[in-house]
1. When residues of region A:136-184 are filtered for being assigned to a helix (DSSP H, G or I) and among the basic types (K, R), how many remain?
2. Identify, by number, the condition in (1) assigned to a loop (DSSP other than H, G, I, E, B); (2) buried (at least 21 other Cβ atoms within 10 Å of the Cβ); (3) assigned by TED's automatic domain parsing to the domain that holds A:I299 that A:C286 doesn't meet.
3. Against the conditions (1) aliphatic (A, V, I, L, M); (2) touching a residue at least 40 places away in the same chain (Cβ under 8 Å); (3) surrounded by fewer than 19 Cβ atoms within 10 Å (Cβ to Cβ), where does B:M96 fall short? Just the number, please.
4. In region B:57-79, which residues are more than 10 Å from chain A (Cβ to nearest Cβ), more than 15 Å from the chain's Cα centre (by Cα) and either assigned to a helix (DSSP H, G or I) or surrounded by fewer than 17 Cβ atoms within 10 Å (Cβ to Cβ) (or both)?
5. Scan region A:241-258 for residues that are among the small types (G, A, S) and touching an Asp or Glu at 6+ places or on another chain (Cβ under 9 Å) and jot them down.
6. Among (1) within 10 Å of chain B (Cβ to nearest Cβ); (2) modelled with pLDDT of 85 or more, where does A:D493 come up short?
7. When A:N107 is evaluated against the numbered criteria (1) away from chain B (no Cβ under 14 Å); (2) modelled with pLDDT under 50, which criterion, by number, is the only one it fails?
Amino acid sequence: MDKRRLENKISSACDGLAPDILASVLSDCKEKEGKVIMLNEKKKKASFVKYVAGIAAALAILLGGAMGVGAYTANKTVNSRIMLDVNPSIEISVNKNEKVLGVTPLNADAKKIVGTMDFSGSSLDVTLNALIGSMLRNGYISEAANSILVTVDSKDLATGQELQSRLMGEINSILESSKMTGAVLAQTVTEDSGIKQLAEQYAITEGKAKLINQIVSQNPIHTFEELAPLTINELNLLSESGNVKLENIASVGRASDSSYIGEAAAKSAAYKHAGVDETSVKLVKCVLDWEDGAMVYEIEFFTDDCEYDCDINAKTGAVVKYEKEQRRRQVIISTPENTQTPASNPATSYIGEAAAKSAALSHAGVSESSVKFVKCEFDYENGVAVYDIDFYSDGYEYDYHINATTGEVVKHSKETDDDYYRPSTAPADKPVAPVSKPETPANPPAEQPTETPTEKPASSGSQTSYISASDAKSVAMSHAGVSSVYDYDCELDYENGVAIYEISFDSGGYEYDYDINAVTGAVIRYEKDRD
Amino acid sequence: MICLTSTISGISEMERVDRCISDIAKNSGTQALEELYNRTKDAVYGYALSILKNTHDAEDVLHDCYICVWNSARDYTSEGKPMAWMFSIARNLCLMRIRGRNRFSDAPEEDWMQYLEANDSVSVDDRIVLERCLTELSDDEREIIMLHALTGLKHREIAEITERPLSTVLSKYRRALKKLRGLLDEEDGNNG
């Protein structure tokens, strides 16, 4: 059994071996991310002090008012608008001293939260605490739906950004004090008439309208109307799973998906519905998405025979969409005389395996006699019938996809074959680099490694081309003074920017290791040891 | 078969893995981590199991390895050697676990054999090769051959990860191959 086959067997034996713990990994990653915020003790303490100070300030104002002492004249000019979205959408307007001028609930849920509370004259911190506290108590914010969007529109951008950053920390601290791991999105906006119109139309804040606009513009399968009723947590999850890059939106924490069944359960439901065993399945995709008014796990997978596309309701686990498609794949046993057309498409005429191989060889510029074929399979690629052909030649591994109808090369690659070993010592079609002859073949090389190349580098122009692996092997064998080797191994590698062939083999009871300059063919280093 | 060296559409598997780690570093959601996990989990788990020989420990290392990748991706410098980076992490986690065992005299049961036998998707031939690898090779030989077979890492990279001289890696690799071939030929002879 050759080395490649042996290693392939080890690798194949590990295929599908790992238990499916992805859900646990993802969950722990989220948790760790939350912990980063929670460990921010300084911020937490500062916030608590601020909170107490806020209440004290509010009390002082009330007290002052009651005693009729204060000549307190409130500034009635709106300096900043702060918009909060969870599902309740609320707008708070404050003056330049961050005293609340008004709190406007924008939808029915927000009215429930605000209720009869009057925040006029209160500090922004106290108002924020009261509103977030109410959302927590009423279950709008929970471990299962932990995302909040805070949007600031200020008279000047710098003030707005400073306020945004401060509020983000403030909200996080409030959530932490309730032992919650939150996901806070924050942005600073300037007035935009288009966004304002959308916000009014759908009874949401301009901040949420802007967020939805970003998602829709990057993921056009969704519409604004479709996403407007979603909570911020759902929108946050959609952005994450849809790889939407939210521009100018700061983000801390991860949206919770704990109210959903989880990817592992969704996959199991899909496999069960398809009647396939998990071990026979290759998963292509499993992402959360919004389909027909519900969050779903979109799952794509395939088996040897079929491709499956399945949507699983993320809350109930019910199958809401299911598609199955035959892969139409047939393997043809690779024999030189085998040119039969695949049985699955009897009406179509294909060029046959031999012609496909010829097309590949001709493109590669190698002759059939110098080639060892390892694979010739009939397959479909993007709906096109192809022959998938792998072969080795002169130290290279070639992979070709030949159009089975036209004979055109659809795809090809050529890589150095590290394991290539050809008993013949005469490279036929490659220029051989200067080879240093062994000083005395009967006298094996000294056992100490040498750093001195035995030959000056051959000419190498600006265009670097490497000698073949078999040429490098010839150099090493010639240097060692041996004519037959076994357990041969060769790898192309780079050391200090120099391409080298690392060659090792056994011969005559000794183990040999060589580094051969891949451009010049010079021996850079060698070792010889008793086997 | 785990195939971390193949080339598809001009992008090698190694480049894809490299890209995943870079994407994780950009903090662009868990999708990249998920892709990385799906592409590399069998290699990481196979390697951990071959060192620890206990399925629970190997599972813990698998889990912790991706958490470490998630937390450390920003420190990763892309030099086209993502597997070397990932397997250095996996190796360290395995060594920490072994040290823990030594400290608490807590060597868990070697339950890998039953686990391999329960994996129906693997052919008997392939499983026998892996079993021989786990039972007959020395720890060093086994680690080197597993790294070479599962990751496509070069001998030089394996030497760096395992902190051994290149010549030792090469020598142990060859000896491991020779041993395995001998054993398998012997079995073939007995069966034939």
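1. Within region A:136-184, the first condition is being assigned to a helix (DSSP H, G or I), and the residues that meet it are A:136-137, A:157-177.
Applying the additional criterion that residues be among the basic types (K, R) yields A:137, A:166.
Number of matching residues: 2.
2. With respect to (1) assigned to a loop (DSSP other than H, G, I, E, B); (2) buried (at least 21 other Cβ atoms within 10 Å of the Cβ); (3) assigned by TED's automatic domain parsing to the domain that holds A:I299, A:C286 is out only on (1).
3. With respect to (1) aliphatic (A, V, I, L, M); (2) touching a residue at least 40 places away in the same chain (Cβ under 8 Å); (3) surrounded by fewer than 19 Cβ atoms within 10 Å (Cβ to Cβ), B:M96 is out only on (2).
4. B:C68, B:S72, B:A73, B:R74, B:D75, B:T77, B:S78, B:E79
5. Within region A:241-258, the subset among the small types (G, A, S) is A:241-242, A:250-251, A:253, A:255-256, A:258.
Correct list: A:S241, A:G242, A:G253, A:A255, A:S256, A:S258.
6. Failing condition for A:D493: (2).
7. Evaluating A:N107 over (1) away from chain B (no Cβ under 14 Å); (2) modelled with pLDDT under 50 leaves (2) as the failure.
Let's see how each residue does on (1) among the charged types (D, E, K, R); (2) modelled with pLDDT under 80:
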{"residue": "A:G365", "(1), (2)": "no, no"}
{"residue": "A:E368", "(1), (2)": "yes, no"}
{"residue": "A:D379", "(1), (2)": "yes, yes"}
{"residue": "A:I389", "(1), (2)": "no, no"}
{"residue": "A:S393", "(1), (2)": "no, no"}
{"residue": "A:Y400", "(1), (2)": "no, no"}
{"residue": "A:T405", "(1), (2)": "no, no"}
{"residue": "A:T416", "(1), (2)": "no, yes"}
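The values are calculated or read from the model by the stated rules, or taken from the named source; none is laboratory data. All values reported here derive from a predicted model rather than from experimental measurement. Because the Cβ atoms are built from the backbone with ideal geometry, glycine has one as well, and the counts that use them run over all protein chains shown.
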